[in-house]
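A quick write-up on the structure given underneath.
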Amino acid sequence: MRLKNFRELALLWVLTLGSPLRGQVSSIGILGDSLSTGAGTHPSLEFNGDSLWDVFKGLTPIAANAEEDKELQEFIKSRYLETPVVLNPGIREYRSGFEWVMANLQRSFSANFLNTEEYSWGHLLGRSLGAPGESIFIAGQNGAQVATLRRQADRLLDKLDGRLPDKVLTLFSGNDLCASHLSLMTSQDDFKASVLGGLKYFGVNGEPAQAGTEVIVVGFLGVTQLMASDSILDKQITAFGEQMTCRQLRKDQFLPKNPPTNAKHPETMFMSHMVPPNPARYCPTLFALPLLAQSEAGIFSSSASEGGERARSDGKRESLAMSRTNQVNRKIDEMLGQISSRIRQFRAASSQAVREANIWMKSKYPEKNITFRYIAATEHLKFEAEDVAEDCFHLSVKGHLKLAKTILSEM
């Protein structure tokens, strides 16, 4: 058989030997937030105190299983998931004894009851690239912001005695948008400084793998889909023992309509204000925009019941209640626009940081085979209802798989 051109040769390579990346990555490091740990991904983690206490008491085991998921098996090239290595905080993260104890208690609790690292996009991607579970190192942590990038890099460097894996991927997916007010979200300049500082930290302190190390920055996800996608908002879930949609759960501010009175566990009664944790409280900018909009406009629900009318700009009259509702809705749209703009800024900051890091690396450490890369494919990733977990804001197994496939397609 004669090969007419290079394209035929490349096709023959793929058909006979597979993708050049598959099977050639012996180790991989994952940095980031709750996406890297698979937090909230397991389908048994419903937004319900009783269900969660079943998990905490060991009545409902949280175990990863791929044996009935053919799509998952095809991607990882195995019938079975393996257990990745979860890295603990390093000595440079120590601040005080009490803080250290509490932080590690929280981390240990999450690792045992809330996280399913086997389902996380990083583990799935590593397995697809040929890395075994014991060579997939997860340094990410729930709730982390991009400012923790260097400390997470320390976890990886400490574990491997300064030697870097073949690939290092970093993805911070939302916590830099979380704040009590939009003005307090991470700025574009601070985001870029954290990414650039983290990449340079790898360049200064890390020794590349034998064939070189590529540090990959994954583009910020479109998290506003959680607030605007009808597919996601209309997802049917079980929350507080009732069937509802994510739209209704958000409208109720992630709170039960009535306090639990017939709880299965006594802990549910006493801890209902803490378990499950309310995202509207720790991340109002993403999960409590209606309340923020009312506050911004100086409008609260109690005043909406007042009578009276007002004249609109077009001369027509409308009730004060309707006027206030429209004002709040306009404010919500304005805030969504601000969040979308900040996401675009984060993406631009990441891309620019990667370019500057490569220039800096060639100038300062030309002998080190460490390169940096930005993946933009995730910027356009669209999630559907099946891609979102039962808590309406983390990713499901299908969502993690979709994310891993998207990253692999650009790699």
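Here are the numbers:
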| quantity | calculated |
| --- | --- |
| In region 361-378, the residues that are of a type outside the set (Ser, Thr, Tyr), in contact (Cβ under 8 Å) with a residue 40 or more places away in the chain and either crowded, with 17+ Cβ neighbours inside 10 Å or outside any helix (DSSP H, G or I) (or both) | 361, 368, 369, 370, 372, 373, 375, 376 |
| Residue 127, sole failed condition from (1) touching a helix residue (DSSP H, G or I) at 6+ places or on another chain (Cβ under 8 Å); (2) surrounded by fewer than 19 Cβ atoms within 10 Å (Cβ to Cβ); (3) charged (D, E, K, R) | (2) |
| Neighbours by Cβ (under 9 Å, 6+ apart or cross-chain): first from region 92-108, over 14 Å from residue 143 (Cβ atoms); second open to solvent by 100 Å² or more (accessible area, probe 1.4 Å) and among the charged types (D, E, K, R) | 92/150 |
| Filtered residues of region 199-214 (kept if part of a helix (DSSP H, G or I) and among the hydrophobic types (A, V, I, L, M, F, W, C)) | 199, 202, 204 |
| Residue in region 50-71 that is of a type in the set (D, E, K, R), in a helix (DSSP H, G or I), touching a residue at least 12 places away in the same chain (Cβ under 8 Å) and closer than 20 Å to residue 279 by Cα present | yes |
| Any hit, region 383-399, residues being in a helix (DSSP H, G or I) and out of contact with any helix residue (DSSP H, G or I) (no Cβ under 6 Å at 6 or more places or on another chain) | no |
| Region 250-303, residues that are in a loop (DSSP other than H, G, I, E, B), at pLDDT 85 or above and either within 24 Å of residue 145 (Cβ to Cβ) or among the β-branched types (Val, Ile, Thr) (or both) | 253, 254, 276, 277, 278, 283, 288 |
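Results for (1) in contact with a Gly (Cβ under 7 Å, 6 or more places away or on another chain); (2) crowded, with 22+ Cβ neighbours inside 10 Å, shown as yes or no for each residue.
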position: 162; (1), (2): yes, no
position: 168; (1), (2): yes, yes
position: 171; (1), (2): yes, yes
position: 178; (1), (2): no, no
position: 183; (1), (2): no, no
position: 194; (1), (2): no, yes
position: 198; (1), (2): no, yes
position: 204; (1), (2): no, no
position: 209; (1), (2): no, no
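The values are calculated or read from the model by the stated rules, or taken from the named source; none is laboratory data. None of the values given here were measured: they were computed from a predicted structure. We place every Cβ from the backbone using ideal geometry, glycine too, and count neighbours over all the protein chains shown. Accessible surface areas use protein heavy atoms only, side chains included; no ligands, DNA or RNA. Shrake-Rupley method; radii C 1.70, N 1.55, O 1.52, S 1.80 Å.
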